[in-house]
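S.K.: The structure that follows is given in the form of structure tokens.
A short reminder: the numbers here are calculations on the coordinates, not readings from a lab. Please read all numbers here as calculations on a predicted model, not as lab measurements. In this analysis, Cβ positions are derived from the backbone assuming ideal geometry, glycine residues included, and neighbour counts consider all displayed protein chains.
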Amino acid sequence: MFFRRTVLAGLAAFVLAPTAGLAVDLPNLAGRKVVVVTENAYPPLQFVDPKSGQAIGWEYDAMNEIAKRLNFKVEYQNTSWDAMIQAVSDGQYDIGMTGITIKDDRKEKVDFSDPYMRSQQLMLVRGDEKRFTDAKSFAALEKGLIGAQPGTSPFYTAVYEILDGNEQNPRIKLFETFGATVQALKAGDVDLVLTDSTAGEGYVKASGGSLKIVGDPMGTEDFGFIFKKGSDLVEPVNAAISALKTDGTLDALNKKWFLDYKMGQ
């Protein structure tokens, strides 16, 4: 429901629109290779399908469509979230994608595309959790632990909006990937994981009732692709994102991955 109220507002065009007529209006990158890095731990944006072992998701579909329209060849690589922004800033990769929130401090290191998605930050807990129902009651649970990735929006929300503002607070347990925080939650090693609605919806749907969302949304975030500062890919990718919004392709991907797709089936 959270996702329906935010990202999917006005979800009208459910069928992928033809692209041939639009391609002539977009920049042509003449088949150049573009290296895109991701984490593969953020369903349904990008993750490894447990049945096929293939990396799939919303961002893969969107990037493949962008590549088709701009005529470039994508090479996908993987790295941890903790290393991604710096690696793209250093030019190791051309584009980074993993549901990256557009923030002013990050703009000092990388250039962002225009937003391709808007999401809200939510509290992900085990399905049988009854000790707390919102941020205030969690903060009062003195032994309650939060799983987070260093340097992410959920980490800072945990520190400054839920706890005491101390970045060294022992109630925060750090993990390298978002997927690892969720596994720790399932195992009972932590009690709360902060997630945006995109990933949260995906994990709840796949959990068979072992995970749920509690409390009210805590802020809204826009997602964008990242590039090395001054990259000549920013303008073409922005043009492609605009086309995908205009012709209903992004709405179709929202329906496919957030409403129709069933993980593990």
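S.K.: Give me the compactness ratio for the chain, meaning the Cα radius of gyration over 2.2 N^0.38 Å.
M.R.: Normalised Rg, Cα atoms only: 1.01.
S.K.: Here's another thing I want to ask about it. Going by Cα centres, the stretch 119-144 and the stretch 224-243 are how many Å apart?
M.R.: Spelled out, the Cα-based centre of one part sits 37 Å from the other.
S.K.: Would you please give the residues with an amide H less than 5 Å from that of V35, counting only those at least 5 places away or on a separate chain, with H modeled from the backbone geometry?
M.R.: It is E75, D94, I95, by chain and number.
S.K.: So what is the 222 nm mean residue ellipticity for the chain from helices alone, if each DSSP H run of at least 4 adds -39500 (n - 2.57) and you divide by all residues, rounding to the nearest 500 deg cm²/dmol?
M.R.: Calculated at 222 nm, the ellipticity per residue is -8000 deg cm²/dmol.
S.K.: In sequence order, what are the phi-derived ³J(HN,Hα) couplings for the stretch 126-143 according to the Karplus relation 6.51 cos²θ - 1.76 cosθ + 1.60 with θ = phi - 60°, rounded to whole Hz, with x for glycine and proline?
M.R.: Taking θ as phi minus 60°, the curve returns 5, x, 9, 5, 10, 6, 8, 10, 7, 5, 5, 6, 5, 4, 6, 7, 4, 9 Hz for the stretch 126-143.
S.K.: Note down the magnitude of the dipole of the stretch 119-220 about its Cα centre, charges +1 on Lys and Arg C-beta and -1 on Asp and Glu C-beta and zero elsewhere, to the nearest 20 debye.
M.R.: With only Lys, Arg, Asp and Glu charged at Cβ, the dipole is about 300 debye.
S.K.: Could you tell me how many degrees, from 0 to 90 and to the nearest 10, lie between the Cα long axis of helix 178-187 and the main elongation axis, the longest principal axis, of the Cα atoms of the chain?
M.R.: 30
S.K.: Quick one: 3J(HN,Hα) in Hz for the stretch 109-116, Karplus 6.51/-1.76/1.60 with θ = phi - 60°, rounded, Gly and Pro as x.
M.R.: So the J values, rounded to whole Hz, are 9, 9, 8, 10, 6, 4, x, 10.
S.K.: When ranked by the protection proxy of mean other Cβ atoms within 10 Å per residue, highest first, what sequence do the peptides 128-135, 164-171 form?
M.R.: Order by mean packing, descending: 128-135, 164-171.
S.K.: May I ask which of K51/K255; K68/K186; K173/K205; K68/K229 have a Cα-Cα span longer than 28 Å here?
M.R.: K68/K186
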